[in-house]
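Participant: Quick one: the structure is below, and I'll ask about it shortly.
Read-outs throughout are calculated quantities, based only on the coordinates presented, and are distinct from any laboratory measurement. Please read these numbers as outputs of a predicted model, since none were measured by experiment. Reconstructed Cβ throughout: ideal geometry from the backbone, glycine too, with neighbour counts over all protein chains shown.
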Amino acid sequence: MAVLSAHRERHQPLERLRERILAATDHLRSRHPSRHNGAHNGHANAAAAPFAFAAPTLEVEETDDAVLVRAELPGFGPDEVSVETTRDRLVLRGRKQQEHEERDRGFHRIERQAGEFFRSVILPSEVDPDRATATFRDGVLHVSLPKTEEARARQVRVLVRSS
């Protein structure tokens, strides 16, 4: 146990720096989504930009035993979404490509569009990434992240008695 503690203490400054960098890039992505979602194509007209994906809306709920995350991803399929987790962070990435072909007398047109999103969130409690599960149904991603024993042990319930 002492070895793990010493290892964590040695890497804490790097972890804090990593968190600050990720938070800063999350902030930039939210302020300029077209620059960071692969949607900027040099056109001044936003309507001409292919797939201007915004980061998905997330709901994060903490229970006694787990952190539950719900992400709305309309139009995406399970094979177009990536879920990664560490003990303190959840990262969602998605990439979508479409091709539309139209043929008629005298013309043949093919349009290809691609876009992507990235969303990173700091979790409210330490979780066990090895026990994480995810399901995808009807454009909604559900991620269940069981808490570590240490995170569950730190919880203290306060009983309130009426006078």
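Participant: Classify the range 123-163: rounded, prolate or oblate, from the alpha-carbon gyration tensor (a ≥ b ≥ c, eigenvalue square roots; a/c under 1.5 rounded; otherwise prolate if a/b is larger than b/c)? Before the final figure, lay out each step's value.
Facilitator: On the way: a/c = 4.73, a/b = 1.81, b/c = 2.61.
Oblate, since a/c reaches 1.5 and b/c is not below a/b.
Participant: Beta carbons within 10 angstrom, averaged per residue: use that to sort the peptides 95-102, 156-163, 60-67, 145-152, highest first. Write down the numbers at each step before the final one.
Facilitator: Details: 95-102: 12.0, 156-163: 3.9, 60-67: 14.6, 145-152: 17.2.
Final packing ranking: 145-152, 60-67, 95-102, 156-163.
Participant: Turning to a different aspect of this structure: Packing-wise, with mean Cβ within 10 Å as the measure, how do 130-142, 109-121 rank, highest first? Don't skip to the answer; put the middle values down first.
Facilitator: On the way: 130-142: 13.2, 109-121: 14.8.
The packing order, highest mean first, is 109-121, 130-142.
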